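The values are calculated or read from the model by the stated rules, or taken from the named source; none is laboratory data. This one's a predicted model, so the numbers in the text were calculated from it and none came from an experiment. A quick note on method: Cβ atoms are made from the backbone with ideal geometry, for glycine too, and the neighbour counts reach across all protein chains shown. Ligands, DNA and RNA are stripped out before the accessible areas are found, and what is left, the full protein with its side chains, is counted by its heavy atoms. Shrake-Rupley method; radii C 1.70, N 1.55, O 1.52, S 1.80 Å.
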Amino acid sequence: MKAAINLGLRGKGFTEPNPLVGALVVDRGKIISTGFHRSFGTPHAEAMALKSVSRKHTTLYVPLEPCCHFGINPPCTDLIIQKKVSRVVIALQDPNPRVNGKGIEMMKKNDIRIETGCLEKYYARVNRHYLKFMNRKRPYVTLKAGVSLDGKLTDKHHRSKWITDLEMRKFSQSLRSEFSAILVGGRTVLVDDPRLTIRERGWGDKRLYRVVLDTYNQLDLNQKIFRQQQRFPLILFSSQTAANRTPKVDNHHFIKSDGEVLDLNRVLKILARYRIASVLVEGGGQVINSFLNKKLADELILFTASKVIGGSDSVELFASGVSLSGPIRLIHHRIMNLGSGYVVRGSINPLFSGG
Ligand code: AOF
Ligand code: ZN
């Protein structure tokens, strides 16, 4: 099962809002065929693994309950029955309301032995974007920031470019490929004029939404963010109070705000309508703090440079975290050395951390 789950990881970044799924066909203890779901809309892992199998009475290892409905693809249960698979081992029942136990029922009715719960927690962690999106109809939210050893975002002159070194910036770029969208605050765009695209090799034509929270609708149409919208579509959010200014893109939403802070719940709800299953929030500090304060973040990735900035007039990442009711605890955290610093990554929301 672990091999099936890990095989599914090869689709990472390309399958959303659909899940990461791999599948193995086993006959008398030997793997005779494998398959995985490559990208959105392509055949399911089960179909890929079973298509060339002619032997009967095999065991299929597939982490997600096989589907039993017609979507873009035909029902996998039909193929499993037709290929006379005798046993199916599953990690998780599919929360998709069109499946949700009905796939298992269908196979049981056809005398296929079913085992569930195999490596369930590991798979829930791997597939956390899909599970949050299916269960909550909201994208999974990961916050990313780079700080100094003493937790500072910038020095007193608001210079932040040198906080993370080249290697960290490269890693941080390839991280974008894991998500369906990246999100930043309008001030970050005004000050840094970033492209927010994927420029690393190896990601083919992966599409990525770019989302900017521009409360006062202040962006300048000459900024780089307005380029390359074919592959990197732009979605803007501004306050209703700025609705008298012309929308800057087709996907410009004017929503409620509390002072400068837009209604983030509403933002996530609207993003789900675009079928965005995961969002990487890249800053600035206030946007990150707002997600934390509203308890809307699921995961945190903190790049820490081996540098101390010091001083009380420099900017602390978590400075406006005053309304947090307690410390943020990372679950299943991992620490990795990178360049001249390190990265800490862990879940914040126990519901979608994989137990
Ligand atoms: C996938 N890949 O390997 C499996 C999926 O629109 P469709 O026909 O591609 O169906 C998507 C649903 O199929 C998805 O939400 C999930 O419930 C189920 N299983 N989906 O994209 C796969 N096994
Ligand atoms: Zn299927």
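At-a-glance table
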{"quantity": "Rounded if a/c under 1.5, otherwise prolate or oblate - the chain, Cα gyration tensor axes", "calculated": "prolate"}
{"quantity": "Rough spin-label spacing in nm, given labels placed 7 Å along Cα→Cβ, for Q223 and V308", "calculated": "3.6"}
{"quantity": "Violating pairs (Cα-Cα greater than 32 angstrom) within the set K144/K256; K269/K307; K132/K206; K144/K206; K137/K206; K108/K294", "calculated": "K269/K307; K108/K294"}
{"quantity": "Pairwise centroid distance, computed over Cα atoms, of segment 274-303 with segment 1-30, Å", "calculated": "28"}
{"quantity": "Accessible-area order (highest first, 1.4 angstrom probe) of the listed residues F40, F254, F70, F303", "calculated": "F70, F40, F254, F303"}
{"quantity": "Accessible surface, per residue, of segment 1-58 when the full set of protein chains is kept, probe 1.4 Å, Å²", "calculated": "49"}
{"quantity": "Under 5 Å, built H, 5+ apart or other chain: amide partners of I32", "calculated": "V25, V26, D27"}
{"quantity": "Inter-centroid distance (Cα atoms) of segment 162-220 relative to segment 324-351, Å", "calculated": "21"}
{"quantity": "Share, in percent, of DSSP beta bridges within segment 138-352 that are antiparallel, nearest 5", "calculated": "40"}
{"quantity": "Probe 1.4 Å, all protein chains present, accessible-area order of F14, F179, largest first", "calculated": "F14, F179"}
{"quantity": "Exposure of K137 as accessible area (Å², to 10), given a probe of 1.4 Å and all protein chains", "calculated": "110"}
{"quantity": "Helical contribution to [θ] at 222 nm, DSSP H n ≥ 4, -39,500 (n - 2.57), averaged over the chain, rounded to 500", "calculated": "-6000 deg cm²/dmol"}
{"quantity": "For V99, solvent-accessible area (1.4 Å; no DNA, RNA or ligand), Å²", "calculated": "0"}
